[in-house]
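The block underneath contains the structure these notes are about, expressed in structure tokens.
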DNA sequence: GAATTGACCTGAT
DNA sequence: AATCAGGCCAATT
């Protein structure tokens with residue numbers, strides 16, 4: 001087999017599928033998409049996959065995928081403008097309010113139906129995350 | 001065919 | 001808490 005195989009491209013399909021599941025007005029990080037895709041997928045692969053969208057960029061909401069810091073990693077594609085059009089709000093630091101627009105992940109049933117993995121719980125509320133176990 | 005960069009993330013200092 | 005460095009897989013030159 002050569003360097004380029006069809007299996008590697010299989011990541012792209014999954015990444016596109018998961019990205020299409022991001023609801024309108026919400027955003028997800030590359031790491032989240034990679035985690036949902038699983039199977040050794042990494043955030044960088046997601047970035048390259050979205051970059052390889054090509055003409056499919058019109059059918060896949062790639063603009064809803066941002067980096068971990070909540071900033072726009074792209075440039076010249078008007079991602080920020082597109083997100084603003086979606087209703088996403090930004091702060092003074094040019095970053096998306098993750099606490100408001102962060103996507104919680106796909107439904108567990110949907111993930112299982114498609115062979116994906118649900119997004120693990122993310123600890124982002126230090127004030128409330130004290131002791132809600134009991 | 002090898003080396004470098006990349007629409008990144010996590011961990012350590 | 002912020003900053004530095006390493007790592008991961010794939011595409012490109």
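The values are calculated or read from the model by the stated rules, or taken from the named source; none is laboratory data. No experiment lies behind these values; they were computed from the predicted model shown. Ideal geometry is used to build each Cβ from the backbone, glycine not excepted, and the neighbour counts take in all protein chains shown.
Cβ-Cβ contacts under 7 Å between residues 6 or more apart (or on different chains), taken from a first residue in the range A:28-55 that is under 18 Å from residue A:108 (Cα atoms) and free of Cβ contacts under 8 Å to residues at least 60 places away in the same chain to a second residue that is more than 8 Å from DNA strand C (Cβ to nearest atom) and assigned to a strand (DSSP E or B), are listed as A:33/A:65.
For residue A:85, the conditions (1) in contact with a strand residue (DSSP E or B) (Cβ under 9 Å, 6 or more places away or on another chain); (2) modelled with pLDDT of 90 or more are fulfilled apart from (1). Per the conditions (1) more than 11 Å from the chain's Cα centre (by Cα); (2) over 14 Å from residue A:14 (Cβ atoms), the sole criterion not satisfied by residue A:63 is (1). In this entry, residue A:108 is excluded by the filter for residues that are exposed (fewer than 12 other Cβ atoms within 10 Å of the Cβ) and either under 25 Å from residue A:121 (Cα atoms) or away from DNA strand C (no atom under 14 Å from the Cβ) (or both).
Has the range A:89-103 got any residue that is under 24 Å from residue A:11 (Cβ atoms) and outside any helix (DSSP H, G or I)? Yes, the conditions are met somewhere in the range A:89-103. Pairs are defined by a Cβ separation below 7 Å, a sequence spacing of at least 6 or placement on different chains, a first member in the range A:70-89 that is touching a residue at least 12 places away in the same chain (Cβ under 8 Å), and a second member that is assigned to a helix (DSSP H, G or I) and away from DNA strand C (no atom under 16 Å from the Cβ); the pairs so defined are A:72/A:79; A:72/A:80; A:79/A:63; A:82/A:63; A:83/A:63; A:88/A:101; A:89/A:100. Restricting to the range A:34-76, count the residues that are near DNA strand B (Cβ under 9 Å from one of its atoms), over 22 Å from residue A:92 (Cα atoms) and part of a helix (DSSP H, G or I). Result for the range A:34-76: 14.
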